[in-house]
Amino acid sequence: MSQYSDERGSELRALFFETAQELLQSLNEDSLKLERNPQDREIIRSIRRTVHTLKGDSAAAGFHELSELAHTLEDALAVETPNANVSLAEIGFTAADTFGAMLVAYRQDTPLPDSNPVRVLVQQLSSSSGASDGKASKVQDDPANVVWTEYERLAAQNSRADGKKIFHVTAHIDPLCAMPIAARQLVANAVSSIAQILGSRPEPGAVVEGQKIDLLLATSHTEQAITAKCQIPTVIGKTVCTEFVVEAAAETMPEAVELIEQGPGDAKSDAEANAGRDGKALGAQTLLRVDAERIDNVLNLVGELIIAKSMMQQAIQEYARKSPKDPLRARFADAMSFQARVLNDLQRSVMKIRMVPVEQLFRRFPRMVRDTAQRCNKQVNLQVTGQDTDLDKSLLDAIAEPLTHIVRNAVSHGLESPLERQAAGKPATGTISLDAYHQANQLIVEVSDDGRGIDVDRVKAKAIRNRLVSADEAGRMTDSELLDLIFRPGFSTADEITEISGRGVGLDVVRSVLHRLKGTVELETHVGQGTKFRLKLPLTLAIIKALLFRVEQRLYAIPLNTVAEIARAKEGDLHHVDTWEVLQSRGQVLPLMRLGQKPKEDAEYGKSKLFVLVINFSGRKLGLIVDALEGEEELVIKTLDDQTIATDLVSGASILGDGRVVLIVNLPAVVDRFTSALSSTVPTGLFLADGERGTALTAGVGQ
Amino acid sequence: MSAKPIRVLVVDDSALMRKVIPQILESDNSIHVVGTAIDGNFGLKKLEELRPQVVTLDLEMPGMGGLEMLKEIMRRHRVPVIVVSSHSTQGASVTLKALSLGAFDFVAKPTDVSTRMQEIARDLISKIKAAAQSRGIQIQSEIELPIPVPRSKGKPAAPKEPTRIVAVGISTGGPQSLQYMLAQFPTDFPGSIVVVQHMPEGFTEMFARRLDECCSLNVKEAQSGDLLQAGRVLICPGSRHMKVKKLPLGDIAILSDDPPVNGHRPSADVMFKSVAEEFGSKAIGLIMTGMGEDGANGLGLIKAAGGMTIAQGERSCVVFGMPKAAIERGHAMRVVDLEALSGTVQAHCRPGRAEVGKAMKAGQD
């Protein structure tokens, strides 16, 4: 048999760390459930099963301390009548935390954390529930609890039948006596002159430490005589002598019978419970762990294929133009469309591999909300919906932190204290809802609370105080523009940073993360009624459906889902309001952003046509002025490194079938640039393109 | 070993175990893990699909648990199942339930698994090999196991001195066979039975309780100083040896922590030897189903001391190892199949029969 090698061991440990995290997660979840339904046996069983698996796994990985703690906990949880004073849920949380800390310690090879909190709770649990433990702790001094063997009891019975008295003598050896083993021998010898020793604990000659000796004696002498015999100065301290009640040697085991009676019933309910959960188990199973990198590779190749497809398509089109009568043309077209369809399916399947339900992210919130709520003395009810909505794994990981921040904010700032709430006529328990759903190729995550809402006036005051805007500017801003200020860097101030919410992530960071992901964050609030944050994300970062357009002869693209409509206009239709160019569209005033240069104001100026892409951005509508439209295309995004491109106005590039390079506009950055340009004077457009400098782009404001 | 490796299916809800167990098993060339499953539902599907020869089964799983799956396997597939059990009170109870449902054997995961990996690996591999060779557990199909019914054991009369001491050594396949045999003894059985069942610490107590539930005899896990009484069965606790001793007021069992014998503690050889020394012709040695050869020599000592020796017949053995060794060495005076064991033992325990036995023995010599 091969050695259990080191390499295998470390592989095992790596796997253990991974699976252990999942186990802890479900421990947390079950504890939360249990907190709500403390009497639910099925949840307790599920917790026990989790702890059980953790115990086995950690033992196999060689983490004995963890295994041992899990073992203790598992046994404590096996008690079927939990002590009402100790919350099992609390034990679950404490255990999850301790296990988590132990895992970290193992991983980093640092000293293990203190496991006492768990042990103390476990002890409380078992000490007041199981009679058995109570007995164990009493054993020390109660002579009745020394267990005499059947043979000894039989001997006692027989002696009694012979008319002798049976005594149980407990002699405590003087703590100063240096030789307790010899002392025991002395007592036994002394007593044996007037009584027959039927049994002795420790057994005669046993070389064990111990400060007392228990003797079972048969004698015709009195209790006093026995006690007197035992009093050996400086050797024996206290002596307790009691009459031994002899019962029939054949014993009954009521305790045992009880336990067994529970057995079959248990199994049955276990089975029932299991049957009930089969459906769910089926859904969550057959998992395959694959390195994310491998999937990315496949995805990249699919991307290349898509490019190859468009190359082919163009070649065929060209061929069709040149020889429209060739029957081969139709066959090419057929093959082409077939290939396109398969490729489409392939792409979708590969994308699906990377998709994971947002549940993976949402799972952590119940526990977090609970902890945060406890710390700020709030009562919170968390409602989670849409857990099974899919999202690209990398996106999921990326929004974890911003989302956590928003949820924490909702608890600590959004919701009022129970007293405040009652005063406002609301239920004391606040509600936070977490929802996820798909909408037009986007994932929407909403975090809403029914708290106090955000007071626009206070935002305004604070923004002015923090010099984000001048009082003058602020006066001209709409409510939604004012609210938008809370996403600005520097809005969140030091005096607001608490242990809970101020972890170095402000809402500005939330927004910048979302922008990096080509997503947006919006805010909706009503004073006294609550606040809703809405995060919008593309489903994947790798491939987007995009609208292609040209500015200054250069090709650009923006994600199609941001485009609300395309309008046509003439230069003459444009007006100026403040520093913005605007267009009157459908009865609304649409602020415009000009990406290219403004044409010379010659005679033709007023008539020259332009396209306006109406985009939805952070709940606002904005127009992008572009020169010409090129069509829709599925783009495989290639990220650009900083050396190729030195602007954040472009987030990536893609290659079209004919080999042309298209730059993908980073909309949030563009909008930002325009918005911040508001404060300067006479802005007109953004130079996106500079033919002289090839792919490198320069961007500037003004002329 | 045969050329074709043994096909094994591993069912465990722990991802870690689904990796570790196959690794352990495939370190032996004669075992091939054909698949793993996360719970009973998938286990059964894979069972149909992969047709393994042996299944290792974790009992604690969400979804369809181990016991449910085991029932299903026993009903439809009859593939030997080895339970991979954890070491806890709850674990012991469920494991024994599994054994009574027909699991072939079990392997206990101690808490210090990682340091004793080699040992556990050996244990598991040898049990899988035995399971693959066994013809499954026969008694399951042929015999209705007694259903535990609350029964009145009656107030035990004054403990009676047993007519004979029946020492039973048993291993793999033991729990079911023992339960089957013991259930057929009447309350007034005049002999006293001492049992060494190879089973780890912690499992024997629960095992004794279960047996006590479904037998008329009084069954208990032995403690030092327990009396060998008529109608009583003492099961040696795991991880200890059991010896017997004659004392003026009665015969008692004594437990010891002496080192393992034949790799076993408890060891049937230790018990048989002590029974032979103390009781001589009053002893009956019974060697039953199990791997290896523990007890074979001890049985010879009982025979030599004038006692009666019986080996369980091959047909009814789950693993014909220990009885085979005893028979081959000529230590078994009789070979009896499971169905008849209880009757045979009872016949030999009838009062006065010991003398007859001695006479017969004398006649043979």
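What follows is calculated from the coordinates using simple rules that are stated; it is not laboratory data. Treat the numbers as computed from the prediction; the structure is a model and nothing was measured. Cβ: placed from backbone, ideal geometry, glycine included. Neighbour counts: every protein chain shown.
Helical runs assigned H by DSSP (4 residues or longer) give chain B a calculated mean residue ellipticity at 222 nm of -11500 deg cm²/dmol, each run adding -39500 (n - 2.57) before division by the residue total. Inter-chain neighbour count for B:211-220: the average number of beta-carbon atoms from partner chains within 10 Å of each residue's beta-carbon is 2. Scaled against the 2.2 N^0.38 Å expected of a compact globular protein of N residues, the Cα radius of gyration of the stretch A:161-245 reads 1.01. Placing +1 on the Cβ of every Lys and Arg and -1 on the Cβ of every Asp and Glu, with nothing else charged, gives chain B a dipole about its Cα centre of roughly 660 debye. Note on the stretch B:165-364: with charges restricted to the Cβ of Lys and Arg (+1) and Asp and Glu (-1), its dipole about the Cα centre is near 500 debye. Beyond 21 Å in Cα-Cα separation lie the following of the pairs A:Lys426/A:Lys532; A:Lys164/A:Lys212; A:Lys352/B:Lys19: A:Lys164/A:Lys212; A:Lys352/B:Lys19. The slack between A:Arg465 and A:Ala423, meaning 0.36 nm per residue of separation minus the straight C-alpha distance, is 12.1 nm. Would you mind classifying the stretch A:358-538 by shape? Square roots of the alpha carbon gyration tensor eigenvalues, ordered a ≥ b ≥ c; an a/c under 1.5 is rounded, otherwise it is prolate if a/b is larger than b/c and oblate if not. In terms of gyration-tensor shape, oblate.
The long axis of helix B:353-364 is offset from the longest Cα principal axis of chain B by roughly 90 degrees.
When the Cα gyration tensor is reduced to axis lengths a ≥ b ≥ c, the ratio a/c is 1.5 or higher for chain B, and with a/b above b/c it is classed as prolate. Summing charges over neighbours of B:Val244, with a neighbour being any other residue whose Cβ is under 13 Å away from its Cβ, gives +3 when K and R count +1 and D and E count -1. The residues packed around A:Ala188, meaning those with a beta-carbon under 13 Å from its beta-carbon, carry a net charge of +2 if Lys and Arg are +1 and Asp and Glu are -1.
Averaged over the residues of peptide B:118-131, the number of Cβ atoms from other protein chains lying within 10 Å of each residue's Cβ is 1.
Extending 7 Å from Cα along the Cβ direction at A:Glu565 and again at B:Asp188 yields two label points whose distance is 10.3 nm. Against chain B, whose longest principal axis is taken from its Cα atoms, helix B:117-133 shows a tilt of about 80°.
Listed by Cβ neighbour count within 10 Å, with the fewest neighbours leading, A:Arg554, A:Arg119 appear as A:Arg119, A:Arg554. Taking Lys and Arg as +1 and Asp and Glu as -1, the other residues whose beta-carbon sits under 10 Å from that of A:Gln387 total -2.
Packing-based ranking of A:567-575, B:167-175 yields B:167-175, A:567-575, ordered from highest to lowest mean Cβ neighbour count within 10 Å. For the peptides B:328-334, A:232-238, residues were scored by their other Cβ atoms within 10 Å and the scores averaged per peptide; the highest-first order is B:328-334, A:232-238.
Holding the Cα-Cα limit at 21 Å, pick out from A:Lys393/A:Lys536; B:Lys127/B:Lys303; B:Lys220/B:Lys245; A:Lys609/A:Lys638 the pairs that are longer than that. Listed pairs above 21 Å: B:Lys127/B:Lys303; A:Lys609/A:Lys638. Neighbouring Cβ atoms from other chains, within 10 Å of the Cβ of residues in A:13-24, number 2 on average. Peptide packing: for B:242-252, A:341-351, the average count of neighbouring Cβ atoms within 10 Å per residue gives the ranking B:242-252, A:341-351, highest mean first.
Computed from Cα atoms, the angle from the helix B:15-26 axis to the main principal axis of chain B rounds to 70 degrees. Remark: relative contact order (the stretch A:334-401) = 44 percent; criterion is Cα-Cα distance under 8 angstrom and separation of 6 or more residues.
Taking a ≥ b ≥ c as the square roots of the eigenvalues of the Cα gyration tensor, the stretch B:206-276 is classed as oblate, since a/c reaches at least 1.5 and a/b does not exceed b/c.
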